[in-house]
Each structure stands twice: as structure tokens, then as C-alpha cells.
Amino acid sequence: MGMDVMGRNAKSEMGEYFRRNVWGWRPLWIYVEDMHVDTASKVKNAQTNDGDGLNEDDAYALGLKLYNDIADGIAARYVSERDAAIAALPDEPCKYCDATGIRTDTVGVSMGMDKKKTCNACDSKGKVRPWEAHYSLDVDDIREFADFLVESGGFSIY
């Protein structure tokens, strides 16, 4: 699943379309919420595909704010601190093998994992990284979103 962000009145090809899968969109919009709550609060359903978004003036202003965050090093610092916090999270017990490293549930048995003494969810380690570790964000994501915003003429999320 992904978020298709459509420009409402694009000024260029750059402002027509911006897409991220949920693993990339969620942390990008959380960045906006954390750093620019005044603008983010205008989008009530940013994590759904229901067409919510920003008008032209607000989208343009947000794009400029994101450019400033990048130029001032704020975005890089945020990404670095976020990455460090996620890296520091402990692994979690694998729910598919009950942290044993051997999957014996219905799916595991049907795939012969019980006999092979394996678990495909945790690579037989019994632990997995927390969900937060699957969501990625980098400064280039923020820059690409800013590029889209200033050219979008406003946007809707589908």
C-alpha cells in the first residue's frame, strides 16, 4: 500500500505526483507533524487515502519550510536522531514462533518449518526488529517532498 499524493494545480511535472509506500510516507509525514505542527494540523487524515491535503498557499509554504530545514541542517539532525533512537530499540520476540526460532503454527507446519526447525519471520533467531525499524526516512525524501510541494498547487492524498 502506498500514498499517491496528487498536485491539485501543478505548475510543472514535478508538482503533478508524489508517491511513497507506507514505509516511507509515514515517517515523512511524522516529520512534518513534529517540525511543522501548524501546517500539519490542517491535514486531518494524512495517513489515509481519502483525499485530504493542503491548499496551494499552505503547500507552497510547507515546501519552503522543508527547504529551510534542509539548509539549516535541521532535517539531517532529525533523521540522524531518529535513526539512532530506532537503532537503540531492542529486538522483540518473534510472534510467529513464540521466540523459539521454530515455527510450529499452522502456516509453519504447512511449509515444513517445524521439521526444518526454522522460522521465516525471524530467520530462526527468535527475535525481530520492532516495527519502527521498517519505516525509513532520509533528507532526500524531505527534499523530494519539498520539490513536489512548491510545484503542486496544493495536494490531495489518495
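The values are calculated or read from the model by the stated rules, or taken from the named source; none is laboratory data. Being a predicted model, the structure only gives us computed values, none of them experimental. We place every Cβ from the backbone using ideal geometry, glycine too, and count neighbours over all the protein chains shown.
What to note about this one:
- The set of residues in segment 18-45 being outside any helix (DSSP H, G or I) and either within 19 Å of H134 (Cβ to Cβ) or free of Cβ contacts under 8 Å to residues at least 40 places away in the same chain (or both) consists of R19, R20, N21, H36, S41, K42, K44.
- Here D141 clears all of (1) assigned by TED's automatic domain parsing to the domain that holds N49; (2) among the charged types (D, E, K, R); (3) farther than 30 Å from W29 by Cα except the condition numbered (3).
- Residue in segment 54-69 that is in a loop (DSSP other than H, G, I, E, B), under 28 Å from D141 (Cα atoms) and in contact (Cβ under 8 Å) with a residue 12 or more places away in the chain present: yes
- Residues satisfying the stated conditions in segment 1-17, i.e. outside any strand (DSSP E or B) and of a type in the set (S, T, Y): S12
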